[in-house]
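Notes to accompany the following structure.
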DNA sequence: CCTACCGATCGGTAGG
DNA sequence: CCTACCGATCGGTAGG
């Protein structure tokens, strides 16, 4: 099978739409017909790219992972190694929520809640991403420790759990209450836990308006 | 309209089913036909109790709130006022997850993720419950403070945010990874944050097996 | 990538 | 509380 460059671009555009829509409608609530319409295609056209809804969901998770890596991981890793890098990753996470990179907040928070109780390939894909994310936080905590910027008796895995908890809480309560104050709460908790005094960068891009 | 006792019991049974199912399928994924079948009724029979799907969803949120109050709030409030009561509420929350009172974990975590980006009556109902829950944690933190069991300079609202974050993270990661170790992580974070040394009660009821 | 179609199920209603 | 039905949409397929 020959995959043309145009075909790839179409596929990418569909999956970008899918990742965005899934944070509002859910990975299951997102229907093929709805996605086809949003992409300006026919349903049949979509099935030329994805053989089944589950295949589409898996490709959507993979696309969301790519966006997450670009927006959060790479942005954070640009900071100098150690405590600053750990803080920068947390900052980048909060920033991508505040800027509404996904209209419904963190893609993986929505996905976790949706497939958490439904074993299968989609849950496995979401779990793998979450595992990598927690491992990254743990590794960065360990590096900060190695540089003497965090107490040696801290458990990096425990720290990763607590940072993840604060970040996700900010995401969920921001969406539910539409109140930016939760970012201050999360950041305050993170600083307190890490014994740091760093200030958050302000988002550069303006937050996108909520879809009516 | 006369509401018979039998009618009330039927309604309660339907809503209990709905609350349980919604934690797996979602409030939207839960269909009227599916719920009718699970309740041993016809679809038409369900519409005798609820005029629309949204009405059913609102009644389901209310039922879930009732279960949450019984399982978590009342259980926790039975402990003596102060730090012990705050810890008991957190313990009761973790226990209701561990015992799988809802098959898909905390009802309101699922609901928040689902309706967080979709304004409407259902989101408002979920937000109201969440507001009450955070207020409860804040009030209990304040009481512990008044008794001198927590430092006076702590912000009770900030504390409530952080406790909620740890509890919800335990819920989500427990479901995703099927690993009870997250309860220790959450409890460790809670104790650390509160400067407490309390041990968790072991769940009395055996965890229910996962639905295949 | 399209049109045209399949059976199944969706939320909801009529009439009893 | 039931049966019987409505139009719309679901995931998916055939054939081009």
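Read the figures in this text as sums done on the coordinates, not as results from a lab. Please read these numbers as outputs of a predicted model, since none were measured by experiment. In this analysis, Cβ positions are derived from the backbone assuming ideal geometry, glycine residues included, and neighbour counts consider all displayed protein chains.
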Here the correct list, in nm and shortest first, of distances from residue B:77 to the same site in the other copies, label points 7 Å along Cα→Cβ, is 5.0
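What average count of beta carbons from other chains do you get within 10 Å of the Cβ of residues in A:106-115?
Working: counts 1, 0, 2, 6, 5, 2, 8, 17, 8, 4.
Taking the mean over all residues of the peptide, I get 5.
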Using the Kirkwood radius over Cα pairs of chain A, the Stokes-Einstein translational diffusion coefficient at 20 °C and 1.002 mPa s, in µm²/s and rounded to a whole number, is 117
Between the modelled labels at residue A:70 and residue A:157 (7 Å from Cα along Cα→Cβ) the distance in nm is 3.4
Inter-copy distances for residue A:47, nm, shortest first, label points 7 Å along Cα→Cβ, are 3.0
Subtracting the Cα-Cα distance of residue B:78 and residue B:146 from 0.36 nm times their residue separation yields 22.6 nm
The alpha-carbon center of region B:1-52 and that of region B:115-179 are separated, in whole Å, by 30
Relative contact order as a percentage, region A:1-65, C-alpha pairs under 8 Å and 6+ apart, gives 37
Scoring chain A by relative contact order with C-alpha pairs under 8 Å, at least six apart, yields a percentage of 20
With the 8 Å Cα cutoff and a minimum separation of six or more residues, region A:66-163 has a relative contact order in percent of 28
So, with points 7 Å from each Cα along the Cβ direction, the residue A:198-residue B:99 label distance in nm works out to 4.2
Rounded to the nearest 10, the angle in degrees between the Cα long axis of helix A:83-98 and the longest principal axis of the Cα atoms of chain A comes to 40
Copies of residue B:191 compared via label points 7 Å along Cα→Cβ give distances in nm, shortest first, of 2.9
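Taking beta carbons within 10 Å but only from partner chains, what does the mean come to for residues A:155-163?
4
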Ranked on Cβ counts within 10 Å of their own Cβ, fewest leading, A:77, A:87 go A:77, A:87
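Taking the highest mean first, how do the peptides B:18-26, B:118-126, A:182-190 order by number of other beta carbon atoms within 10 angstrom per residue? Before the final figure, lay out each step's value.
Numbers: B:18-26: 23.3, B:118-126: 16.8, A:182-190: 21.3.
The packing order, highest mean first, is B:18-26, A:182-190, B:118-126.
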If the chain between residue A:41 and residue A:188 were fully extended at 0.36 nm per residue, the gain over the current Cα-Cα distance would be 48.3 nm
Rounded to the nearest 10 degrees, the helix B:53-68 long axis (Cα) sits at an angle to the longest Cα principal axis of chain B of 40
Length gained, residue B:62-residue B:139, 0.36 nm per residue minus C-alpha separation, equals 25.5 nm
Computed over chain A: longest principal axis from alpha-carbon atoms vs helix A:181-194 long axis, angle to nearest 10 degrees, is 50
Inter-chain shielding metric for B:41-49, i.e. average beta-carbon neighbours from other chains within 10 angstrom, reads 0
